[in-house]
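A quick write-up on the structure given underneath.
The values are calculated or read from the model by the stated rules, or taken from the named source; none is laboratory data. All values derive from a computational prediction rather than experimental measurement. Positions of Cβ are backbone-derived with ideal geometry, glycine not excepted, and every protein chain shown enters the neighbour counts.
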Amino acid sequence: MQAVIRLGLTGGIGSGKSTVAAMLSRHGAAVIDADAISRQTTAAGGAAIEAIRQTFGPEFITPDGALDRERMRERVFRAPESRRQLEHIVHPLVGLETARQTEAAVADGRRCIVFDVPLLVESSHWRARLDQVLVVDCRPELQIERVMQRNGLPRETVLDIMASQASRSARLRAADLVLCNDGLTLDELAMEVKQIAVRFGL
Ligand code: ADP
């Protein structure tokens, strides 16, 4: 049996990471979306809900059984250690679900599993579980333009989000491979992704 390649995919907001993930998926990669898994654990009926109820109280759960995000944001603002408590609940569940999806992808005979992880550079936990790291990169000004357009956000908000993420240089240092998504049309980006797909046996 051919070895499975575990490819980490990351990039700053607006770099084109999600676009690249979708393109790799079309080439047959299994894409595991860490953010989506994390959100599911706290959505209605999610695996983290019972522990959140026990730890923080029933008032943190909405009538339909989801985490009350607004209330939790306020709590974290007033009592910053709450973030850690919440992470202690959510992170192991994300780990379990990621492992489950990875096993399913391997059983399905996938050659390349792409782990779409926004905070990959910040997390030694993730880095240790990957064979290669692909970073999607572009000029910060282009990130700002794309996110303002995609999300209809003011420039300052985009700058705040960017400041909360790993720096561009830290991301580039962590990369085994950099995809420069700058000055490319979507078709040209697709060509670049195709080359990467071939390289990873897709
Ligand atoms: P991220 O997941 O990194 O935040 P996305 O993949 O959602 O970024 O891309 C941000 C926006 O920029 C999307 O609207 C996407 O369609 C657009 N985009 C990304 N790369 C290109 C490109 N090469 N040409 C044109 N638009 C692009």
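Taken over the stretch 158-177, the residue count meeting the criterion of being more than 14 Å from the ligand (Cβ to nearest atom) and not in a loop (DSSP other than H, G, I, E, B) is 9. Would you check if residue 73 is assigned to a helix (DSSP H, G or I), within 16 Å of the ligand (Cβ to nearest atom) and either over 21 Å from residue 130 (Cα atoms) or not assigned by TED's automatic domain parsing to the domain that holds residue 185 (or both)? So residue 73 does not fit the description; no. Restricting attention to the stretch 1-29 and to residues that are of a type in the set (A, V, I, L, M), under 21 Å from residue 125 (Cβ atoms) and buried (at least 20 other Cβ atoms within 10 Å of the Cβ), the residue that is farthest from the ligand (Cβ to nearest atom) turns out to be 7. Evaluating residue 50 against the criteria (1) exposed (fewer than 14 other Cβ atoms within 10 Å of the Cβ); (2) within 21 Å of the chain's Cα centre (by Cα); (3) charged (D, E, K, R) leaves one unmet condition, (2).
Close Cβ contacts (under 7 Å, 6 or more residues apart or on different chains) running from residues in the stretch 69-81 that are farther than 15 Å from residue 49 by Cα and surrounded by 10 or more Cβ atoms within 10 Å (Cβ to Cβ) to residues that are at pLDDT 95 or above and among the hydroxyl-bearing types (Ser, Thr, Tyr) comprise 75/82; 76/82.
Going through (1) in contact (Cβ under 8 Å) with a residue 12 or more places away in the chain; (2) surrounded by fewer than 19 Cβ atoms within 10 Å (Cβ to Cβ); (3) not assigned by TED's automatic domain parsing to the domain that holds residue 167 one by one, residue 56 falls short only on (2). Of all residues in the stretch 167-202 being surrounded by 12 or more Cβ atoms within 10 Å (Cβ to Cβ) and among the polar types (S, T, N, Q), which is farthest from the chain's Cα centre (by Cα)? The residue in question is 181. Taking the stated definitions as given, is residue 46 away from the ligand (no atom under 16 Å from the Cβ) and out of contact with any strand residue (DSSP E or B) (no Cβ under 6 Å at 6 or more places or on another chain)? For residue 46, the condition - away from the ligand (no atom under 16 Å from the Cβ) and out of contact with any strand residue (DSSP E or B) (no Cβ under 6 Å at 6 or more places or on another chain) - is met.
Entry remark, the stretch 178-187: residues being within 9 Å of the ligand (Cβ to nearest atom) and touching a residue at least 60 places away in the same chain (Cβ under 8 Å) number 2 in total. Could you please let me know if residue 150 is exposed (fewer than 14 other Cβ atoms within 10 Å of the Cβ), within 16 Å of the ligand (Cβ to nearest atom), within 15 Å of residue 15 (Cα to Cα) and in contact (Cβ under 8 Å) with a residue 60 or more places away in the chain? Yes, satisfied.
Could you list all residues from the stretch 153-173 that are small (Gly, Ala, Ser) and either touching a helix residue (DSSP H, G or I) at 6+ places or on another chain (Cβ under 6 Å) or in contact (Cβ under 8 Å) with a residue 60 or more places away in the chain (or both)? Result: 166, single match.
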